[in-house]
Each structure stands twice: as C-alpha cells, then as structure tokens.
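Inspection log for the structure reproduced underneath, given as structure tokens.
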Amino acid sequence: MADQTAAPAYGSATAHIRESYIAQTRRKRIYGAVLLAIFVALMAGGFITADERNAGGFWEGLHQIFDFPAAVLSEAGEKIGRLPENLLEYLPALIETINIAAVATLVGAFGGAVLSMLSTRGMALWPRLIPLWRRMMDIMRAIPEIVIALILIFVLGGGPVPAMIAIAFHTVGALGKLFSEVNENASLKPVDGLASVGATWTQRMLLGVVPQVAPNWLSYALLRFEINIRASAILGFVGAGGIGYELKNAMAWGVGRYDQAAAIFLLLFITIVAVDQIGSALRDRLTHGSRKDLLA
Amino acid sequence: MTMLSASAPLSADDLKSRAEGMFRTKRLWSFGLPALVLAYLVYAFFAFDVPGLIDRARPENGAILVRDTYSYKTHVERDNRTGEITFAIEGERKGEYPEGTYPDWVSVDGDVTTVTLPKGHEVRYYPDHVEYDVPGYGTISAKSEGRGVEATYPDGPMPDFISAARNRVMVTTDAGRVTITRNRTEVFRYAMGWELFFFTLDSPYHGMAPGALLSRATSGEAGEIWDDFWHNEMWRHSDVAWAIVETVLMAFLGTFGAAIVALPLAFLAARNFTPLVVVRQLCRRIFDLCRGVDALIWTIVLARAFGPGPLTGSLAILLTDTGSFGKMFSEALENVDEKQIEGVRSTGARAVQRYRFGVIPQVTPVLLSQVLYFFESNTRSATVIGAITGGGIGLMLTQAMITQKDWEEVTYYIILIVLVVMLMDWLSGILRRRLISGGGEGGH
C-alpha cells in the first residue's frame, strides 16, 4: 500500500506505516459504524411507520399468525376425503396459470432475444439505435405487470390473455437485459465469417450467435418461467383468470370453503416447488453440465 | 462440434455415418423444436379463447383510456327539472366551479346559456329545450317530454354519431359529447392536459402563471401555496406520496429484513460450515418452504393476522425472500475460499472471529449485490402485493382503475411507479457496480 523503497530510516518508516494503517482502520470502522447506525435507524423507523399504518399491529397480530392456517388445515382435515376431488376440480385452473406463464415466457424470450441482439455492440443491426432499445427494455422492466394487466382487463375483459400479455411485456425487458449480457461474451468471429460470405443479419444471428448463447439463454428463460408462474398466480388474484382467481373466490366464501382454499394452496405449492426443482436441475446441466447437450 | 475420439482408428465410412447421424439429430432438433413451440402456441391460442376474446374486446374503452391520459373533460350539466346548470371538471364535486362562475367558453345571456365547443360546434340551453349546432349537419333540437326525450333532427338519414332512444339521446362528435335524458342534459367538453393538477378551483392560486406564483412564494406565501398544492383534493398529492413511500418501505423492510434473517440460517445450511446433516437439511427445507409458499399465499395468510397494510406486505416479502436469500447465500458460502479462513485461524482467531474476518469480507460484495438486486425488483413486487393486501400505490392504482373514470390519475400513478422503479434500478446499479469493482472490501 505504502511506498517501501526508502530504506534508510527503516524503523521510523514502519512506525509510520503502522500508524497510517491504524488510522485507516479506525476511519473505516467509524464509517462502518455510521453506516450501520443509519441502516438500523432506517429499519427501526421503517418498521414503526409500517406498523402504524397497518390496520392491525405487529405485536397484536403475532400470536394470531397461525389462526388462519390452523382454521384452513382443520377444515381441510375434516373433509380430507374430498381432497382428491377438490384437487381435480382446480386442475384446469392450474393448467391455465401454467399456460399463461409458459406462453408469456416463450413470447417474452423471443422478443427479448431480438431486442438483446439489436442492443449488443457488434451485433446490432442499427448500431445508432442501441441506446433506444436499451431504454425501451428498461421501461418494459420497470412497469409492474399488474399495471398492464389491469389496463388490458379494462379493454379486453377478464381472462388469461391480459395476464399473458402483461407478463410477456415484462419478460421481454427482463430477459432482453440478461440475454444482452450473455451476448457480450459471445465471440464475434462466426458473425464476421458469416458476413464475409454474404449472410443477412437474420442468418448471421441465427447461425452465428444463437448456437453460442443458446444454453445460457435457455437457462435464464427457465428461471424466468419459474418467476412467471408466481406472477401469473398473483395476477389471477386481481382478476386475470387461472388459479389465483379461484383462490380469491374460495377465500371470499370464507369458512366452509377452506377445504377448497387448502386444495388450491397445495396445488400452487406443489407446482412452484416442482418447477423450481426441475428448473434448477435443468439449469445446472445447461450451464456446467455435459457439453454434448449444448448442440441441441 | 468437435467430438474428438482419439481411440481406435476409425474408417472413413464409420466417421461418415456418425457425422450423418449427428446432422440428422441436429436437423430434427432445429425443425422439431420450433414445430413443437408452434403447436403449443396454437393450443394456447384456443385454450385462451382468443377468438372469443376478440369478440368481447371493447376497443372504445381503450380509446377512452388513451384520450383521458392526455386530456380532461369539463361537464356542463343541467338539471332539467330545476333548470340549474353546474360546471364541473371531470364531473366531480371536487372540481366544481363555484356558484355564479363558469369557464370562459360559456356565455350566459338571460335565459339562454351557450356552450361553445371546438370546430364551430355550439350547444344552447334554452329554458325548455336544448339545441346543438353540428357544422355540416344542422341543428339538433331536443326537449325532455313526459317520460322520455323528444328530439328533432335535420332532414336526411340519421348519422351514426347520434344514438337515439326514446329516453336518451346521445351525440358523440370529435368536438365533444352531448347526452340528453329526461332528468338532465349534459355536455362534455374536452381539453388538453391534466386540469387542476396543481391547484383546485377553490384555491386562490388556480390559474396563476408560474412567474406570479414564484413572486407570491418569495413574498411569504410559500407555505400556503405548498399547502394548497399538497392537499389538492382532486389529485391528492400527499396521499400519493405516502403511498409511494409505503411501497418502497415494504420493499426495503422485506428485502433487508430477509437478508438479516437469512444470513445466520445460510451458515447453518452451508456444507462447509455445518457438518451436521440434520441441521443442514432442516434449514434447506425451511428455505424451500418459504420460497415455495409464494408471496401471494404469504400475503393472504399474513393479512388475516395483521390486517391490510404495509406491514403485512413487508412481512410477505420478508418470508419469501428469506427462502431465496437463504439458498443463494448458502451457495455463496459454500464457494468461499478456505485459504483466507486458514490464514485467520493461524493467528489464533476464535470461530466467530474467523467468520467475521475470514468469511464475511469475502462474501459481502456478492451478497450485498444480490440483496440490492432484489430490493429493486421487490419495489415492483410491492406494488402488486399492495394491490392484494391493501397498501401503498398498488391499492391506489387498483382503486382508481376499478372506478374506471379517473384514467388521468391512473396515468399519474403509473408514471410515478415507473419513475420510482427506474430510480431504484439506477441506484442499486450504481451501488452494485461500486461493490464489485473497487471498494469491495468495505463491509460493516
């Protein structure tokens, strides 16, 4: 850290280094302590504010936290015989939720792939427009899905399509950014080679870039699919169809329908865990697994 | 593509057939996969009932929405029984013109009130009937009669901008809209902009030029001006600001609370720190449970105990993210470099000190950058959770959308949300870059 070439006054130099090191450490500790104090104050202040603005307080609610799950579970337990029937009843809604997520991921991945190639240096079709595409993806990522979903529900009426478009829109932005990060690491030599034989931009991208980046793209798309399933369940809750909508209805009925709510909880939980596990296993294989799969 | 097989010498035929096989599989993939995707999309097209949706779509709603985002309308409404005329922006009580005042495009001449619409259109209220001049078409005259509306139109076929029924006549032109029913006659006049965004009509500062406003502010009225703006009843700026703060607060408490909870648990779930398989598996299953029970379910469950509000939202985020962070942190901890811990151990450090000086400095940049990334994306999730649990800007947004009339407010909220999310994105981006390059060792 310090210049140690000056040998003559060796003892005083080490003392000096030691002193400055201690001073530096002290300064760093003070900074750290101040930062920590600010952080703790923000957390505490934030918690108190949130607690005040909540309908029920934290401490009053804490002991009731298991009341509702207990009520649901006990009712589901009483009607355990109806569980298979309930599960079967809500299966179509679950499939709809998964379909929304899947189509949104496919459409979003396609859009994201195109946008990512348009916004990567060296690959862009119109290099001057790179900032435009980037800003566009930023905005697409920033708009929460619920905003688009609610607007589309107003125009198109309720159903899976508004949710699908809303999630796809967001996915284009999110995947576009991740894809373009992958693209930056891709070698441009195949692209140059293809250009030299007169390939069009689409051919250059499809044959030169896509085979290089496909495994990473696929892995990001799988991760996005997991996220999108959650999003599609939530959007259902605000009126976009699928299992979220059924859950809202079951909840609105309250006591007496809790066995159905429990069945929906169970379906949702199983789906999320299953997709999560399968997805992470696949992603693991794609990113560091057997190399011969990369050719797919 | 290079599959090197340095084993037994292969004959050219062998190589050829193998290469052909590879090309066949590759071709199958490159045609099969798109075909499969296409087939799935076709299935989804019908599963989602897209043809039915096109039937049910209401593009006119979209038109209303788009028009409302950049314009506002002033309602001129006459109660046909009392003859009283009110002028109100967006037809809301809060936007009503005070008694005896009216916009400058209205003129009152004795019993006759004339509303001038753009492009030469004109509506005249007479004591017993209403006349509407449509340039190029003629004058429509209507009066409320008995149980319905009696209207006379110029000769010729009925144009499609008039929808006439026995008890309701509606004329929609690009200059405005006139609706006549038995009880009331209403004229909508559209204008650009977001009216009353800064001050409502009852504020003395309404309609004042920015320069005049500034000079008033410097001469000691800044407090009143701010007060009138901040408590604007039409746009409710203070409520909106609070809602934004609530949303960000939900994300902040949830994300950082989750990080605090997840860090010690991650040590227990990491292979190199916890040799006990039981503890490790238990922690991992807790993470899986937290993540698997989605934020949606957590929100519903927690809302039962804590009621609607930002606290419920932040706890839901906290629980979900504890799972995600726990998994990510424990993976980061498993990849930690043992040499540094060894070095700290060689100086005679105890276990806690080894963690503090050997492990934490290594993982802090990685963990903090993950936390910051989540903070940004949770700002967005908090909007959605707010809509379910009833807190923050998400709630205001859904409320404004459900009433289906204040689309300019919806636009206002959307712009604010997008700005806040982009701000968070930008902030966390800067912090993450600083953490990764240089200053990386700065932990607390």
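Here, each number is a calculation from the coordinates, and none is a lab measurement. Keep in mind the model is a prediction, meaning the values are calculated, not measured. All Cβ positions, glycine included, derive from the backbone under ideal geometry; neighbour counts span all protein chains shown.
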**Message:** How far apart, in nanometres, would the label points at B:Thr69 and B:Ile402 be if each is projected 7 angstrom from Cα along the Cα-to-Cβ direction?
**Reply:** 2.4
**Fill in**
At R0 = 56 Å the Cβ-Cβ FRET efficiency linking B:Lys94 and A:Ala37, nearest 0.05, sits at 0.80
**Asked** So which aspartates and glutamates can B:Lys73 reach, going by Cα to Cα under 15 Å and dropping same-chain residues fewer than 8 places off?
**Response** B:Glu90, B:Glu92, B:Glu96, B:Asp104, B:Asp174, B:Glu186, B:Glu195, B:Asp406, B:Glu408, B:Glu409
**Complete:** Taking Cα atoms, the helix B:310-334 axis meets the longest principal axis of chain B at an angle in degrees (rounded to 10) of 30
**Asked** For region B:233-325, what class follows from the C-alpha gyration tensor (a ≥ b ≥ c being the square roots of its eigenvalues): rounded when a/c is under 1.5, otherwise prolate if a/b is larger than b/c, else oblate?
**Response** prolate
**Request:** Enumerate the calculated ³J(HN,Hα) couplings along region A:99-112 in order (Karplus 6.51 cos²θ - 1.76 cosθ + 1.60, θ = phi - 60°), each rounded to whole Hz, writing x wherever the residue is Gly or Pro.
**Result:** 4, 4, 5, 5, 4, 4, 5, 4, 5, x, 5, 4, x, x
**Prompt:** Under a 5 Å amide H to amide H cut-off, with H placed in plane at 1.01 Å, what residues pair with B:Glu122 once short-range neighbours are removed?
**Reply:** B:Leu117, B:Asp133
**Complete:** 1/(1 + (r/R0)^6) with r = Cβ-Cβ of B:Tyr43 and A:Leu91, R0 = 25 Å, i.e. FRET efficiency to nearest 0.05, evaluates to 0.95
**Proxy reagent accessibility, fewest Cβ within 10 Å first, across A:Leu35, A:Leu222, B:Leu319** = A:Leu35, A:Leu222, B:Leu319
**Complete:** Per-residue Cβ contact counts at 10 Å, fewest first, order B:Tyr412, B:Tyr132, B:Tyr40 as B:Tyr40, B:Tyr412, B:Tyr132
**Asked** Using a basic spin-label model with each label point 7 Å from the Cα along Cα→Cβ, how many nm lie between A:Glu181 and A:Leu206?
**Response** 2.9
**Item:** Full-stretch length increase - B:Arg168, B:Lys119 - with 0.36 nm per residue and alpha-carbon distance subtracted
**Value:** 15.2 nm
**Asked** What stretch of chain B, leaving out the sites themselves, is the longest with no GluC sites (Glu not before Pro) in a DSSP loop having at most 16 other Cβ atoms within 10 Å?
**Response** B:234-440
**Request:** Using only Cα atoms, find the angle between the long axis of helix B:12-47 and the longest principal axis of chain B, and express it within 0 to 90 degrees, rounded to the nearest 10.
**Result:** 30
**Item:** Estimated Rh, the protein assembly as shown: Kirkwood, alpha-carbon pairs, angstrom
**Value:** 30.8
**Request:** Work out how much length B:Leu423 to B:Leu289 would gain on full extension: take 0.36 nm times their residue separation and subtract the Cα-Cα distance, in nm to one decimal.
**Result:** 45.0 nm
**Asked** Once both labels are modelled 7 Å past Cα along the beta-carbon direction, what's the B:Arg216-B:Thr25 spacing in nm?
**Response** 7.8
**Asked** Roughly speaking, what is the centre-to-centre gap between region A:137-175 and region B:258-319 when only Cα atoms are used, to the nearest Å?
**Response** 28
**Request:** Assuming a ≥ b ≥ c are the square roots of the Cα gyration tensor eigenvalues, decide whether chain A counts as rounded (a/c under 1.5), prolate (otherwise, with a/b larger than b/c) or oblate.
**Result:** oblate
**Message:** Helix-only mean residue ellipticity at 222 nm, the protein assembly as shown, DSSP H runs n ≥ 4 weighted -39,500 (n - 2.57), per residue, nearest 500. What is it?
**Reply:** -21500 deg cm²/dmol
**Request:** Could you tell me the convex hull volume per residue, in Å³, taken over the Cα atoms of region A:190-274?
**Result:** 93
**Message:** Taking the 0 to 90 degree range and rounding to the nearest ten, how far is the long axis of helix B:407-436 tilted relative to the main principal axis of chain B, both from C-alpha atoms?
**Reply:** 20
**Message:** From the phi angles alone, apply the Karplus equation (6.51, -1.76, 1.60; θ = phi - 60°) to region A:153-162 and give each ³J(HN,Hα) in whole Hz, x where the residue is Gly or Pro.
**Reply:** 5, 5, 7, 9, x, x, x, x, 5, x
**Fill in**
By Cβ neighbour count within 10 Å, fewest first, B:Met158, B:Met396, A:Met164, B:Met208 rank B:Met158, B:Met208, B:Met396, A:Met164
**Prompt:** How large is ³J(HN,Hα) for each residue in region B:281-292, as worked out from phi by the Karplus curve 6.51 cos²θ - 1.76 cosθ + 1.60 (θ = phi - 60°), to whole Hz, x for Gly and Pro?
**Reply:** 5, 4, 4, 5, 5, 4, 4, 4, 5, 4, 6, x
**Asked** For B:His231 and B:Ala209 in one chain, what is 0.36 nm times their gap in residues minus the Cα-Cα distance, to one decimal in nm?
**Response** 6.0 nm
**Request:** May I ask for the distance between the Cα centers of region B:11-72 and region B:340-389, given as a whole number of Å?
**Result:** 40
**Fill in**
So for R0 = 60 Å, FRET eff. of A:Phe269-B:Asp133 from the Cβ-Cβ r, to 0.05, ends up at 0.35
**Asked** Around B:Gly326, with a cut-off of 15 angstrom between Cβ atoms, what is the net charge of the other residues, counting Lys and Arg +1 and Asp and Glu -1?
**Response** +1
**Request:** Starting from the amide H of B:Trp105, placed 1.01 Å from N in the peptide plane, find each other amide H under 5 Å away whose residue is 5 or more places distant or on another chain.
**Result:** none
**Message:** Semi-axes of the equivalent ellipsoid for chain B, please: Cα gyration tensor eigenvalues, times 5, square-rooted, ordered largest first, whole Å.
**Reply:** 63, 35, 20
**Item:** Scaled radius of gyration (Cα, divided by 2.2 N^0.38 Å) that region A:10-61 gives
**Value:** 2.16
**Message:** Using only the alpha-carbon atoms of region A:39-99 as identical scatterers, what base-10 log of I(q)/I(0) does the Debye formula give at q = 0.25 Å⁻¹?
**Reply:** -1.00
